[in-house]
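Engineer: I'd like to ask some things about the structure below.
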Amino acid sequence: MTVVETIRFKLREGVDDAEFQQINRTMEKEYMQPRPGFLSRRTALSGEGEYLVVVEWRSPEEAEATIGVFFAAPETQDFLAAVDVRTVQPGRYALVES
């Protein structure tokens, strides 16, 4: 069953959008893409400065295994340092095929 994870957040005060977008791309390439079960990841930015990241995984187990080590992985530290943790709103959904 394909899993769709979402995360909404804003950046910490003083973090530049252009700088963050480079950090985001690097983290995706170095950490997310090599993970087992990774299918896709997209990032969007609202007019109010809120980011939305949507990630698709092949299975709930593979999604959980990745998030289980995400916060300690060296490749994610710059990304985590840029995010205002007070604004983080995660979600997880089962993809409904039509």
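Engineer: For region 1-34, enumerate the residues that are basic (Lys, Arg) and touching an Asp or Glu at 6+ places or on another chain (Cβ under 7 Å).
Structural biologist: ARG8, LYS10, ARG12
Engineer: Do you know which residues across region 3-18 are touching a residue at least 60 places away in the same chain (Cβ under 8 Å) and either of a type outside the set (Val, Ile, Thr) or on the phi > 0 side of the Ramachandran plot (or both)?
Structural biologist: Once the filter is applied, which keeps residues that are touching a residue at least 60 places away in the same chain (Cβ under 8 Å) and either of a type outside the set (Val, Ile, Thr) or on the phi > 0 side of the Ramachandran plot (or both), region 3-18 yields GLU5, ARG8, PHE9, LYS10, LEU11, ARG12, GLU13.
Engineer: Here's a check for you: in region 65-98, which residue that is in contact with a strand residue (DSSP E or B) (Cβ under 8 Å, 6 or more places away or on another chain) and farther than 23 Å from ARG12 by Cα is surrounded by the most Cβ atoms within 10 Å (Cβ to Cβ)?
Structural biologist: THR66
Engineer: Determine which single condition THR43 fails, assuming it passes every other condition in (1) more than 12 Å from VAL3 (Cα to Cα); (2) exposed (fewer than 15 other Cβ atoms within 10 Å of the Cβ); (3) within 13 Å of the chain's Cα centre (by Cα).
Structural biologist: Of the numbered conditions (1) more than 12 Å from VAL3 (Cα to Cα); (2) exposed (fewer than 15 other Cβ atoms within 10 Å of the Cβ); (3) within 13 Å of the chain's Cα centre (by Cα), the odd one out for THR43 is (2).
Engineer: Right, something else. Among the listed residues THR26, THR6, which satisfies the condition of being surrounded by 13 or more Cβ atoms within 10 Å (Cβ to Cβ), in contact with a Phe, Trp or Tyr (Cβ under 9 Å, 6 or more places away or on another chain), part of a strand (DSSP E or B) and of a type outside the set (A, V, I, L, M)?
Structural biologist: THR6
Engineer: Shifting gears a bit: Kindly establish whether TYR51 is farther than 15 Å from THR6 by Cα and surrounded by 18 or more Cβ atoms within 10 Å (Cβ to Cβ).
Structural biologist: Criteria not met by TYR51.
Engineer: Can you tell me which residue within region 32-73, out of those that are free of Cβ contacts under 8 Å to residues at least 24 places away in the same chain and part of a loop (DSSP other than H, G, I, E, B), is nearest to GLU97 (Cα to Cα)?
Structural biologist: Here the residue is GLN33.
Read-outs throughout are calculated quantities, based only on the coordinates presented, and are distinct from any laboratory measurement. Because the structure is a prediction, the values reported are computed rather than measured. Neighbour counts run over all protein chains shown; Cβ positions are idealised from the backbone, glycine included.
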